[in-house]
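What follows is a short report on a single structure.
The values are calculated or read from the model by the stated rules, or taken from the named source; none is laboratory data. Everything numeric in this text was worked out from a predicted model, so none of it was measured. Cβ: placed from backbone, ideal geometry, glycine included. Neighbour counts: every protein chain shown.
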Amino acid sequence: MLSFAIKLVRRCAVVIAVVCLSACSPKNQVVEGLDKAIGELGKPSANWHSIASALDKSLPEAGKTQIGADLERVIQSGLASSPPDGRCDANLIRERVRQELNRMRVKLDARKPPLPPSQLVPVICEPSPAIYDLDRCVAKLDLYGHDLDAAALAVSIKAVNGQSRSAEATFVGESGRLLTLDTAALKLSEDDAQIIVRARDGQTALVVIDVAPPVRPPPAPVMPTPVRTIEEALAHVDGRSFGENKGVTYGRRCTPGHHRSECSVKQLSGSGQCEPSWVDPTNQDDCRCRVQFKLPAFESLDCRVRLTERANAREQAAPKKVACG
């Protein structure tokens with residue numbers, strides 16, 4: 001009876017071993033394949049696509065259902081962002097594929113994963129357009145990257161003067177490798193210098209898009225306005241026995257649209273002085289000039305007085321500020 005029980009136990013053990021081998025072996029092969037691929041992807045020179053493709057071909061038929069689908073997703077995600085499209089740096093893609101394979105490895109066997117489990121942070125590889133042009137005011141800005149989640153992203157605007165403000169940003173698209181930012185809601189203008197996208201729980205910018213000011217023609221050169229004479233007079237003054245010191249006013253209020261230019265006095269003959277000064281030094285519209293004649297006793301003085309005014313320069317209208325949105 002005892003020998004029969006022993007034989008029965010042995011037969012059960014063989015059956016269990018066969019079942020376990022058939023059921024557990026594919027899983028072990030997948031884990032070993034993932035471990036090998038993760039190790040190879042740790043080298044900076046590794047070709048992520050070749051390693052992932054080789055892993056896909058090495059999967060046992062029993063493990064291809066879900067693992068194969070996950071691996072195909074990893075490969076397609078990497079291809080969508082790899083050169084020559086220029087969407088991301090090759091080393092970044094390699095490391096992302098390595099982390100994705102490690103997450104698959106943890107699902108199968110979390111006891112000894114090659115890498116510690118980590119939460120993937122969003123990465124923006126390239127915006128399109130790379131520079132926001134105020135001349136065009138494009139309404140959408142595409143952000144290419146990895147693990148992009150609209151709920152995890154925040155946008156701020158840095159002004160030309162260095163100050164920053166938060167912006168209510170609206171993203172369109174499915175989370176993953178492409179999100180589209182609605183730039184119309186940002187209300188960008190010439191006062192803004194940069195659009196900054198960062199993770200809501202971090203301070204490091206994921207991408208910075210410069211705001212290019214509008215291109216304007218250079219301002220027209222300021223041409224000098226014409227000068228015209230409003231009065232020219234010859235003055236003769238005789239000194240009395242005690243000399244002379246008197247003032248004479250010339251000119252008038254300037255012509256509308258003009259301002260005073262010059263009050264010039266030239267001594268033609270005689271001894272003494274003829275000194276000009278404006279009647280109202282603070283008022284550019286007052287073209288009156290007072291000339292003070294000073295000469296000694298029994299002398300005479302001849303001077304020429306000339307008053308001019310200049311047309312006011314036309315004010316150039318300040319260019320209107322460009323605003324988008």
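Data table
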item	result
Restricting region 243-268 to residues that are part of a strand (DSSP E or B) and of a type in the set (S, T, N, Q), the residue that is farthest from PRO226 (Cα to Cα)	ASN245
Among (1) exposed (fewer than 15 other Cβ atoms within 10 Å of the Cβ); (2) modelled with pLDDT of 80 or more; (3) over 30 Å from TYR144 (Cα atoms) - the single one GLU61 does not satisfy	(2)
Residue in region 306-325 that is within 30 Å of LEU141 (Cβ to Cβ) and buried (at least 16 other Cβ atoms within 10 Å of the Cβ) present	yes
Residues (surrounded by 14 or more Cβ atoms within 10 Å (Cβ to Cβ), more than 23 Å from GLY243 (Cβ to Cβ) and not aliphatic (A, V, I, L, M)) located in region 265-288	TRP278, ASN283, GLN284, ASP285, ASP286, CYS287, ARG288
Pairs with Cβ under 8 Å, 6+ apart, first in region 234-260 and at negative phi, second assigned to a loop (DSSP other than H, G, I, E, B) and among the polar types (S, T, N, Q)	CYS254/GLN284; HIS258/ASN312; HIS259/GLN284; HIS259/ASN312; ARG260/GLN284
Count of residues meeting criterion [of a type in the set (Val, Ile, Thr), more than 9 Å from ASP191 (Cβ to Cβ) and surrounded by fewer than 15 Cβ atoms within 10 Å (Cβ to Cβ)] in region 148-164	0
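Let's see how each residue does on (1) in the same structural domain as SER128 (by TED's automatic domain parsing); (2) under 47 Å from the mean Cα position of the chain (by Cα); (3) aromatic (Phe, Trp, Tyr):
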residue	(1), (2), (3)
THR204	yes, yes, no
VAL222	no, yes, no
GLU232	no, no, no
GLY239	no, no, no
ARG253	no, no, no
VAL265	no, no, no
SER269	no, no, no
GLN273	no, no, no
